[in-house]
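**Student:** Provided herewith is a single structure, encoded as structure tokens, for subsequent inquiry.
Bear in mind these aren't lab numbers, they're just calculated from the coordinates by the rules spelled out. Everything numeric here is computed off the predicted structure, so don't read it as measured data. Virtual Cβ from ideal backbone geometry, glycine too; neighbours counted across all protein chains shown.
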Amino acid sequence: MKPLKGPLPDRFTPLQPWVDAGWALPSESARTDKRHSCEMTEITAFSQAMLARIDDIVEYLNSFSLDEMPADARQLYFLMMSLAEVAPAVELYGQPLVVDGYEYRRFIADEDCSLRPPL
Amino acid sequence: MTSSTTRFDKAYPELGTGRIPVEPYISEQYFERERRYLFPNVWLHVGRVEELAESGAFFVKDLDVPNVSLLLTRDAAGTVFAFHNVCSHRCNRVVRERAGVAKRFSCGFHGWVYGLDGALVGVPDEDQFFDFKRTEHALTPVACETWEGFIFVCLAEQPIESLSSFLGDHFRALEGYPFGRLQACFSWNTEVRCNWKLAQDAFQETYHVPYVHQHSIADALAVNDNPSMHPIACRLSGYHRKVSVAGNPKTVYGNPKAVNDPEMKSYNNPDKPIGSAALRAGIGGSKERFDIEALPAGMNPSNHPDWAFDINGIFPDFYLSLRPNYYQAYNFRPISVDRNRFEGRVYYPKMETAGGRFYQEYMKCMLRDVLLEDWSNLEILQQAIASGAKDEMVFQDNEILLRHSFHEIDNYINARMSETPPVAN
């Protein structure tokens, strides 16, 4: 799945390089692949940039209904989802891979499950 | 031989304290007995009623043992049905889609058509068949019952007992848990090169947590006076089993008041900056309330103040771990003696805000990576057991669910074998 590419809401323009670097990804599998394709230096820089604004980001996105989020807000939303994806790398392992972990590609997220949240 | 400090051996002396043979984990003959006497006779969990939310909703569930493709449907009256997904004409797979909504099902081979209740309702060129009665050619039904929204099937032509009888008192005491309000489901699957019981065993004890999960969730289960993470309670009832596990409610991962508690707005743990942000973001994400006080009596049966969650083992292969505000449902599906298919699901409340989804996504990614920690060891373990170096394993008191599982499976197989007349030569 390809990353979304487009402008962020004006007040979050400083985060635009992370959209351009392909972190606005609309599925769990795509975000997992992205995490494992990156060096820890990029993951750390991404998470620090996002964490510096995270409470603002949440407040801004919470002003929209999940069903009616404009395209620029959705870009920001998917960046935020990628922050959740890299959390174990940043907070637990100090590396993209789970330490002594099972091969992540064999552990398949069921993106088509009808009970999965759409966004 | 017991110890003065052990507890569960004294509560359940019938299980003994002896060593457990490795044979059931590596023997083709033992697997054949499971395939023949265990899995065709028990009730197997196949999904949730919410997957069949409207009239005409259906999904297909394929199993390896027994080797069947099942079609689950809901009709206009709301009845849930299960059928063998096999055409009555020349045994083609009727439904190839995984899930959807339909008014009827048409076989792609010669166009036979079935209703949501399995009735044969259309046959092209029907007058060319002989002594033909449509009523004799419905889809073959499979026994199907539900409990608290979980759909179970039994492949036996005549189930030995009803689902209600099979589940027994243990599960009646869980009725009232908010399953129906936890409908945001994330799921994963993987085919693992180890025996299904070896896999399930690894999820039925907390002895491994300080080691396997030292980098991740060990802190969420850590309670000062319990460094070895002993279960705080154990209940065995018939085929089924449970332990209660203590936890630290001040951690992000083990927080029972996440989403509901406004005090979390100021949560900040410098070691978990993303988790702290997620916990803050999650406040108000769902209007549903999940109060520990409202949980049914079957949960936290010892009323322990440090209680975090219960692990329920539903015979033979269904794991249900219940927390106040989310739950996990895992199946360990046998494929062969040394392969199993793990189907893991976690159910959270539906979130109404982006912040709520961020919290949920954080929790989901943590859980998924914790599962990767669990699975990494199991293929190596299978190879090591198969080497023949050891004939037995040693279970300690806090591994009682593994001991119970071993005995119940063995007893069940032996009971079914004794009922079956020997095959004449």
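**Student:** Go through region B:73-100 and report how many residues are polar (S, T, N, Q) and surrounded by 17 or more Cβ atoms within 10 Å (Cβ to Cβ).
**Tutor:** Within region B:73-100, the subset polar (S, T, N, Q) is B:73, B:79, B:85, B:88, B:92.
Cutting the leftovers down to surrounded by 17 or more Cβ atoms within 10 Å (Cβ to Cβ) gives us B:73, B:85, B:88.
Total meeting the criteria: 3.
**Student:** How many residues does region A:76-96 hold that are within 8 Å of another protein chain (Cβ to nearest Cβ), under 14 Å from residue B:278 (Cα atoms) and either of a type in the set (Ser, Thr, Tyr) or not in a helix (DSSP H, G or I) (or both)?
**Tutor:** Of the residues in region A:76-96, 1 are within 8 Å of another protein chain (Cβ to nearest Cβ), under 14 Å from residue B:278 (Cα atoms) and either of a type in the set (Ser, Thr, Tyr) or not in a helix (DSSP H, G or I) (or both).
Let's see how each residue does on (1) in contact (Cβ under 8 Å) with a residue 40 or more places away in the chain; (2) within 25 Å of residue B:165 (Cβ to Cβ):
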site: B:288; (1), (2): yes, no
site: B:296; (1), (2): yes, yes
site: B:307; (1), (2): yes, no
site: B:310; (1), (2): yes, yes
site: B:328; (1), (2): no, no
site: B:332; (1), (2): yes, yes
site: B:336; (1), (2): yes, no
site: B:341; (1), (2): yes, no
site: B:348; (1), (2): yes, no
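This table checks each residue for (1) surrounded by 22 or more Cβ atoms within 10 Å (Cβ to Cβ); (2) under 15 Å from residue B:19 (Cα atoms); (3) more than 8 Å from chain A (Cβ to nearest Cβ).
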{"residue": "B:362", "(1), (2), (3)": "yes, no, no"}
{"residue": "B:368", "(1), (2), (3)": "no, no, no"}
{"residue": "B:373", "(1), (2), (3)": "yes, no, no"}
{"residue": "B:381", "(1), (2), (3)": "no, no, yes"}
{"residue": "B:385", "(1), (2), (3)": "no, yes, yes"}
{"residue": "B:400", "(1), (2), (3)": "yes, yes, yes"}
{"residue": "B:408", "(1), (2), (3)": "no, no, yes"}
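**Student:** Next up: Could you list, in sequence order, the residues of region B:296-324 that are out of contact with any Leu (no Cβ under 8 Å at 6 or more places or on another chain) and not hydrophobic (A, V, I, L, M, F, W, C)? If you could, list the steps in order and put the result at the bottom.
**Tutor:** Of all residues in region B:296-324, those out of contact with any Leu (no Cβ under 8 Å at 6 or more places or on another chain) come to B:297, B:300-307, B:315, B:319-321, B:323.
Matches in region B:296-324: B:300, B:301, B:302, B:303, B:304, B:305, B:306, B:319, B:321, B:323.
**Student:** In addition: Just the residues that are closer than 28 Å to residue B:419 by Cβ and either in contact with a Lys or Arg (Cβ under 8 Å, 6 or more places away or on another chain) or buried (at least 19 other Cβ atoms within 10 Å of the Cβ) (or both), please, taken from region B:40-68.
**Tutor:** The answer is B:41, B:42, B:43, B:44, B:45, B:46, B:61, B:63, B:64, B:65, B:66.
**Student:** Can you pull out the residues in region A:97-111 that are within 7 Å of another protein chain (Cβ to nearest Cβ) and either farther than 23 Å from residue B:377 by Cα or crowded, with 18+ Cβ neighbours inside 10 Å (or both)?
**Tutor:** Matches in region A:97-111: A:98, A:101, A:102, A:104, A:107, A:109, A:110.
**Student:** For region B:98-130, how many residues meet the condition of being in contact with a strand residue (DSSP E or B) (Cβ under 7 Å, 6 or more places away or on another chain) and either assigned to a loop (DSSP other than H, G, I, E, B) or of a type in the set (Phe, Trp, Tyr) (or both)?
**Tutor:** Here the count works out to 8.
**Student:** Out of the residues in region A:50-75 that are facing chain B (nearest Cβ under 9 Å) and closer than 16 Å to residue A:19 by Cα, state the one that is surrounded by the fewest Cβ atoms within 10 Å (Cβ to Cβ).
**Tutor:** Among residues in region A:50-75 that are facing chain B (nearest Cβ under 9 Å) and closer than 16 Å to residue A:19 by Cα, the one surrounded by the fewest Cβ atoms within 10 Å (Cβ to Cβ) is A:51.
**Student:** Give the residue that is nearest to the other protein chains (Cβ to nearest Cβ), with candidates limited to residues of region B:257-294 that are in contact with a Phe, Trp or Tyr (Cβ under 8 Å, 6 or more places away or on another chain) and assigned to a loop (DSSP other than H, G, I, E, B).
**Tutor:** B:285
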